[in-house]
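Quick notes on the structure that follows.
The values are calculated or read from the model by the stated rules, or taken from the named source; none is laboratory data. For clarity, every value in this text was computed on a predicted model and none was experimentally measured. Ideal geometry is used to build each Cβ from the backbone, glycine not excepted, and the neighbour counts take in all protein chains shown.
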Amino acid sequence: MAVEAVIFDWGGTLSEFVPLEMVDGWTLAARHLAPEREAEVAERLCAVEARFWQRTAGACRSGTLADLVGEASAELGLDVAGAVLEEAARGQLTITSLAEESRPPAATGSDPH
């Protein structure tokens, strides 16, 4: 039987909630796109993200990172997707999860779990 669907659940319905913060990524993208207006562009990117999450929670609709970045690009009239990808390729973009701190330590010894 072939896999028909894969569910990614960062919202915590089926899995542990992952408190991912994109503000550092948005700031880096803003610096890449408009260094002279970095704070303004970063603030607008954060606002797009906030509306995106509000819509997913309120309307029970999901979305992808590609949807979010596409929406940001359209609203700002800037290539946000290109900036994020270029910064990631340069090794400058690091988005971390606070959930990493709450995970139990990896198994040691002969116990595979």
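In region 38-94, of all residues being exposed (fewer than 12 other Cβ atoms within 10 Å of the Cβ) and of a type in the set (Ser, Thr, Tyr), the one that is farthest from residue 22 (Cα to Cα) corresponds to 64.
Consider residue 19 carefully, then state whether it is at pLDDT below 85 and in contact with a Leu (Cβ under 6 Å, 6 or more places away or on another chain). So residue 19 passes the test.
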